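These notes concern the structure reproduced below.
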Amino acid sequence: MGVQQRNNVNVVGEGPATLVFAHGFGCDKHMWRLLAPRYAARWRTVLFDHVGSGASDLAAYDRVKYASLHGYADDVREVIEPSRRDRWSSSGIRSAPPSACWRASRRPGGSRRMS
């Protein structure tokens, strides 16, 4: 199973940069349903469910991998990579920003902005 199905990924918009919306624990990508469409006119927007949330593939949950934020951060990298452009930013709540920050700091050309 690919990352698109595993993490229930949706990519919308054709802007010059990518905006990734990441949810925290206890919710899913639908928390962005009112906000994300407003950005899709100016950005390429990426919404996804962390494994274990929403419509992600629950069979993909691995207790060892997801015992730390590193497992989730690796998934964020995989989610972003297919739609990555030179510039991307992320918006998230709870655990999402730390995992995205950690991943961005581990690779050149990472996120330009996070909130």
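Looking at this structure, is P82 exposed (fewer than 14 other Cβ atoms within 10 Å of the Cβ) and part of a loop (DSSP other than H, G, I, E, B)? For P82, the condition - exposed (fewer than 14 other Cβ atoms within 10 Å of the Cβ) and part of a loop (DSSP other than H, G, I, E, B) - is not met. Counting only residues that are part of a loop (DSSP other than H, G, I, E, B), in contact (Cβ under 8 Å) with a residue 24 or more places away in the chain and closer than 13 Å to E78 by Cα, the range 2-53 holds 7 of them. Against the definition (modelled with pLDDT of 95 or more and over 15 Å from V12 (Cβ atoms)), how does A59 come out, yes or no? Considered against the rule, which asks whether it is modelled with pLDDT of 95 or more and over 15 Å from V12 (Cβ atoms), A59 comes out as yes. For the range 54-84, residues that are among the hydroxyl-bearing types (S, T, Y) and without any contact (Cβ under 8 Å) to a residue 12 or more places away in the chain total 2. Selection within the range 17-73: residues that are crowded, with 16+ Cβ neighbours inside 10 Å and among the basic types (K, R). The member of this set that is farthest from V3 (Cα to Cα) is R44.
The values are calculated or read from the model by the stated rules, or taken from the named source; none is laboratory data. Computed from a predicted structure; not experimentally measured. Counting neighbours? That spans all protein chains shown, and the Cβs are built from the backbone with ideal geometry, glycine included.
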